[in-house]
Amino acid sequence: MLLVMLAWVTGAAGQVHEQGVVVDSVSGKALERAVVGWRVPGERDSVKVLTDSLGQFVASGMIVVSYIGYKTRTVLFKGGVVAMSPAPHEMQEVVIEAPAIQLKPDTVEYRADAFPVRKDGVLEDLLRKMPGIQIDINGNILAYGRPITKIRINGKDFFLNDPKLASQNLPADIIEKIQVIEDKSDQAKLTGFDDGERQMVLNITIKKSRTDSYLGNVTAGAGTDGRYLATARLFRFDKSQQLTVLGEADNTNGANVTSGSTNSGPPENDARNAGVNFSSNLAPHLIVNGSYNYNGNHMVTNMTSIRQNYQDTFYVYSQNAQTSSNQFDHNVQLTVGYGAGKNDTLIFNPHMDYNSHQQVTANSFNFQNASGAVTSSGVQSYSANSQSPNLAGSINWLHRFSEAGRTLSVYAYAGPGPVKETDNNFSTNHIYTPSSLDTIWQVSNIHTQNKQYNASISYTEPLGKDKVLQVIYRFSRSENISGKNVYDVSAVNKTFNDSLSNTFDNILTTHNVGLNFRQGNQKYSYQIGLGLQPTYMDSKSIQLDTPHDFYRPVLQVVPLANFSYQFSPQRRIHFLYTGYTQQPAISQLQPVPDYSNPLYIAEGNPKLQPSFNHAFRVDYNDINRETGRSFFLRGWVYLKENAIVNNTIQLPGGREIIQPVNIGGNYSASSYYDYSVPFLQKMFLLSLSGSVSFNNNVSLDSGAKNIGRTWGGRQGLRLAYNRGKWLDLSANINYTFNSSTFSLEPGMSDRVSTWEAIQEGRADLPGDFSLRYTFDYTLHEGVPSTVGKQVTLLSLVLEKRILKENGILALSVNDLFNNNIGYSHQVGDGFTEDDFNTVMSRFFLLSFTWKLQKRR
């Protein structure tokens with residue numbers, strides 16, 4: 001008994017412990033000197049005690065009990081008897097480890113070493129194995145159906161607005177744990193009041209053994225069809241500083257071509273990327289975090305589109321377009337956090353961005369009637385050149401008073417952003433019956449100045465135990481000044497077109513006064529609130545030297561409510577409702593036609609009102625820490641009042657005028673789930689995931705209401721096998737569908753579905769070789785006959801580790817069967833469209849990687 005009491009006092013002081021006894025499950029006899037172990041919260045080491053002569057012990061939480069000749073047991077201990085089953089031939093070392101997945105408030109935490117990945121794997125390889133997390137073909141990360149917008153390392157922002165820079169570069173073997181956080185705003189975290197402003201964030205914790213080291217790698221490769229690849233990655237971590245330097249140049253649509261998966265981007269895409277990210281504790285209360293990013297690319301895309309229109313008159317529109325673009329972007333972001341004493345925090349976030357974009361498009365098109373006869377045809381040549389420097393910043397002051405729960409926060413933001421653009425548009429459209437030729441040659445100079453100012457002040461007052469009241473005021477003002485000068489061009493001169501030119505000034509001012517109440521404890525919490533929001537939209541337009549003023553005041557009631565209940569440490573449910581305003585874009589307000597696309601003429605509507613959205617969401621999480629089983633469920637419902645939709649007006653020859661209007665009746669609902677369970681000593685993982693959605697979209701066809709109803713869904717099954725770190729196999733089967741109907745065309749319906757089977761593998765072979773591959777078979781249903789209904793893809797990479805495993809020589813092949821296609825299907829207001837894009841074909845690439853690593 002002395003051993004038990006000593007461990008209780010020294011190893012786990014401050015915890016709530018229960019007394020238990022270990023017995024033989026057959027005879028009921030007490031087992032003396034059985035080993036009982038558990039992990040102390042906040043500590044890396046585990047506590048182990050021996051039972052006394054009566055089999056007694058004192059412990060808490062998740063415990064592991066072992067005894068020679070008996071099966072080891074892992075139980076969530078709440079006091080009582082622990083019965084051990086005999087296993088005469090079993091003698092195993094007792095290993096105490098934390099659960100693979102843990103549920104915390106607003107956070108799901110994964111233990112990285114519970115998901116073994118290949119040698120030299122990156123964060124992306126690790127995320128693919130974690131239940132509830134998906135990575136799409138473009139490398140975007142989804143957690144429980146929502147996109148990850150930010151990644152942090154040890155709680156500090158990493159390249160503030162590009163999660164892929166971390167997921168495709170950060171080495172997996174330095175990661176201790178990964179947290180998926182539904183992150184609230186700084187103000188919400190200070191006050192405890194949920195303002196509905198949330199984003200999904202990944203927080204990466206680096207192993208302590210790697211926090212005083214340099215590591216990275218350099219890769220160079222060349223291949224067939226002129227393919228090349230060059231990357232450099234350098235990471236520096238210590239207790240108070242982080243430094244990352246990244247560089248890349250390639251024409252393979254991303255460095256992950258060496259991962260064994262198929263790349264589906266455009267065949268011509270020369271990309272250049274460079275970035276620096278740093279974070280440092282400059283003083284005990286001063287933290288600085290910042291990044292610089294450069295992105296540049298030259299891209300050529302070829303697309304063929306076939307659109308079937310069912311509004312008014314059936315016709316088919318076909319086009320072939322080639323677009324060449326050059327773009328570069330410089331981005332600098334900085335965060336400075338200063339703690340002025342224990343009760344005050346000041347956060348300053350300046351950022352600068354400069355973007356330049358040039359585009360040239362050549363397009364040929366024609367229209368066919370219901371019998372297949374061509375009724376008109378034409379060509380278009382379009383070029384655009386734009387620059388947009390932006391400088392903005394925010395400051396947030398947070399103060400805690402001496403009385404718990406009493407806080408004051410002040411926030412301010414300012415962000416002007418000018419845009420300059422020059423467009424050159426030439427198009428001809430020959431209408432056959434009656435014969436006519438419609439020609440447009442215009443040059444447009446567009447100048448836009450966007451000014452955005454936001455401010456808020458919040459005060460919270462405790463009303464007793466677990467009760468807090470918040471008073472908040474928000475102010476927002478945005479001013480968009482746009483000038484568009486259009487010139488008609490001929491072979492001999494250029495004439496100002498005052499009917500298509502316009503000066504437009506739109507000022508939107510919003511005030512919001514809110515009162516919120518919150519009550520809660522460790523078991524439950526709820527919040528209810530109400531805000532009054534007067535909005536003033538003042539638009540001024542000058543056209544044909546005539547001024548037009550539009551002034552629209554709107555008063556809206558903005559409610560907010562949420563409720564959370566924690567059934568157990570592993571199971572919780574959360575409800576959220578919020579209302580928010582959606583303002584029209586400046587392009588939707590300008591009352592002049594835009595002929596940039598001569599077939600779809602966009603014309604703004606200065607009488608547009610803002611729409612108001614109601615958003616409902618429910619989340620349910622259930623994790624069994626003993627077995628590793630996890631279940632995530634999320635559902636959304638959106639109701640739109642006064643939604644902004646398009647009124648489409650048909651013109652002769654198949655052209656359309658599209659003008660935004662306000663209308664009611666738009667809503668949508670969707671849900672997502674993920675169920676995962678490991679079995680056979682966690683060598684296998686079975687995952688089921690799926691989603692379903694319904695959209696009721698109301699639009700106008702020449703003023704007539706057209707209701708489009710769309711059902712969509714996905715169901716996936718995945719079986720993964722992990723044999724340590726040397727063998728990793730997985731098989732996926734996915735089924736997706738999309739079905740749409742339209743009220744104006746009751747006989748017209750559209751249904752497209754896809755079956756996809758993916759088998760991936762990774763194996764380390766004798767002689768320091770390794771092989772990775774991805775096999776993908778896709779079956780399309782309901783697509784045009786011109787689409788290959790069966791697509792079979794195979795990509796693989798063979799690696800050889802040399803020079804004491806510091807060097808990696810790799811031979812990879814992209815799309816071995818040369819069978820990849822670029823195809824997408826979309827449904828719009830009264831039309832369906834099939835798009836075909838040329839994609840990167842088969843190529844081979846030989847690359848060499850040199851690993852950089854130094855530990856102090």
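Throughout, read-outs are computed from the coordinates displayed, never taken from laboratory work. Here the structure is a predicted model, which means the values were calculated and not measured. When we count neighbours, we look across all protein chains shown, and the Cβ atoms used for this are built from the backbone with ideal geometry, even at glycine.
Could you give the distance between the Cα centres of the range 731-778 and the range 571-626, to the whole Å? That distance is 29 Å. Quote to one decimal, in nm, the extra length available between residue 71 and residue 765 on full extension: 0.36 nm per residue of separation minus the C-alpha distance between them. The span from residue 71 to residue 765 would gain 246.4 nm if fully extended.
What is the order of 173, 829, fewest Cβ neighbours within 10 Å to most? Spell out each step's value before the answer.
Details: 173 17, 829 21.
Exposure proxy ranking, most exposed first: 173, 829.
Evaluated with a Cβ-only charge set (Lys, Arg +1; Asp, Glu -1), the chain carries a dipole of roughly 2800 debye about its Cα centre, given to the nearest 20. In this simple spin-label approximation, residue 395 and residue 495 carry label points 7 Å from Cα along the Cα→Cβ vector, and these lie 5.5 nm apart.
Are there any trypsin sites (Lys or Arg not before Pro) in the range 688-766 that are in a DSSP loop and have at most 15 other Cβ atoms within 10 Å? List them by number. Show your work: numbers first, answer last.
On the way: sites: 705, 709, 714, 718, 723, 725, 751, 762; in loops: 725.
Listed in order of number, the matching sites are 725.
Residue 668 to residue 519: FRET efficiency via 1/(1 + (r/R0)^6), r the Cβ-Cβ distance, R0 41 Å, to the nearest 0.05? It comes out at approximately 0.80. Cα to Cα, under 19 Å, and not fewer than 8 places away if on the same chain: which lysines meet these conditions relative to residue 342? List returned: 189. Note on the chain: helix-only mean residue ellipticity at 222 nm, from DSSP H runs of 4+ residues weighted -39500 (n - 2.57) and normalised by residue number, equals -500 deg cm²/dmol.
Taking a straight Cα-Cα cut-off under 27 Å and skipping sequence neighbours fewer than 8 places away in the same chain, the lysines within cross-link reach of residue 800 are 119, 129, 164, 725, 851, 854.
Entry note, the chain: relative contact order of 9 percent, from Cα contacts under 8 Å with a spacing of 6+ residues. Against the chain, whose longest principal axis comes from its Cα atoms, helix 2-11 is set at around 30 degrees. For the chain, the residue among 149, 708, 175 whose Cα projects farthest onto the positive side of the dipole built from Cβ charges is 175.
Loop-located trypsin sites (Lys or Arg not before Pro) across the range 361-426 with a Cβ neighbour count of 16 or fewer within 10 Å are 406, with loop assigned by DSSP. For Rg and Dmax of the Cα atoms in Å, the value computed from the atomic coordinates appears in the list (i) 30.7, 107; (ii) 30.0, 94; (iii) 28.4, 92 under label (i).
Working note: Karplus 6.51/-1.76/1.60 with θ = phi - 60° gives the range 200-209 the couplings 8, 10, 9, 10, 9, 9, 7, 4, 4, 5 Hz, where Gly and Pro are set to x. Excluding same-chain neighbours fewer than eight residues apart, the lysines reachable from residue 540 by a Cα-Cα span under 28 Å are 420, 451, 484, 494, 607, 640.
Between residue 852 and residue 567, what length comes free when the chain is fully extended (0.36 nm per residue of separation minus the Cα-Cα distance, one decimal in nm)?
Working: separation 285, 0.36 × 285 = 102.60 nm, distance 4.75 nm.
Stretched out fully, the residue 852 to residue 567 stretch lengthens by 97.9 nm.
Each Lys and Arg adds +1 at its Cβ and each Asp and Glu adds -1 at its Cβ; summed about the Cα centre, the range 453-503 shows a dipole of about 180 debye.
Only loop residues by DSSP count here, and only those with at most 15 other Cβ atoms within 10 Å; note down the chymotrypsin sites (Phe, Trp or Tyr not before Pro) in the range 640-735 that meet that.
Working: sites: 667, 672, 673, 675, 679, 684, 694, 711, 721, 726, 735; in loops: 726.
Loop-located and lightly packed - 726.
For the range 51-83 and the range 415-430, what is the separation of their C-alpha centers, rounded to whole Å? With the range 51-83 and the range 415-430 each reduced to a Cα centre, they are spaced 73 Å.
Under unit Cβ charges (Lys, Arg +1; Asp, Glu -1), what dipole magnitude, rounded to 20 debye, does the range 211-354 have relative to its Cα centre? Before the final figure, lay out the partial values.
Values: 7 positive and 11 negative charges, 57 e Å.
My answer is approximately 280 debye.
Listed values for the range 608-624 are Karplus-derived 3J(HN,Hα) couplings in whole Hz (6.51 cos²θ - 1.76 cosθ + 1.60, θ = phi - 60°), namely 4, 9, x, 9, 10, 10, 9, 10, 10, 8, 9, 10, 10, 10, 9, 10, 9, and x replaces Gly and Pro. Proximity of backbone amide H atoms, modeled 1.01 Å from N, is registered between residue 629 and 624 at under 5 Å, excluding neighbours fewer than 5 places apart on the same chain. Under 16 Å from the 7 Å Cα→Cβ point of residue 575, by amide nitrogen: which residues of the range 660-702? Under cut-off, by backbone N: nothing. Each residue of the range 290-305 is assigned a 3J(HN,Hα), and the resulting list reads x, 8, 10, 10, 10, 10, x, 7, 10, 9, 10, 10, 10, 9, 10, 10 Hz, derived from the Karplus form 6.51 cos²θ - 1.76 cosθ + 1.60 (θ = phi - 60°), x at Gly and Pro.
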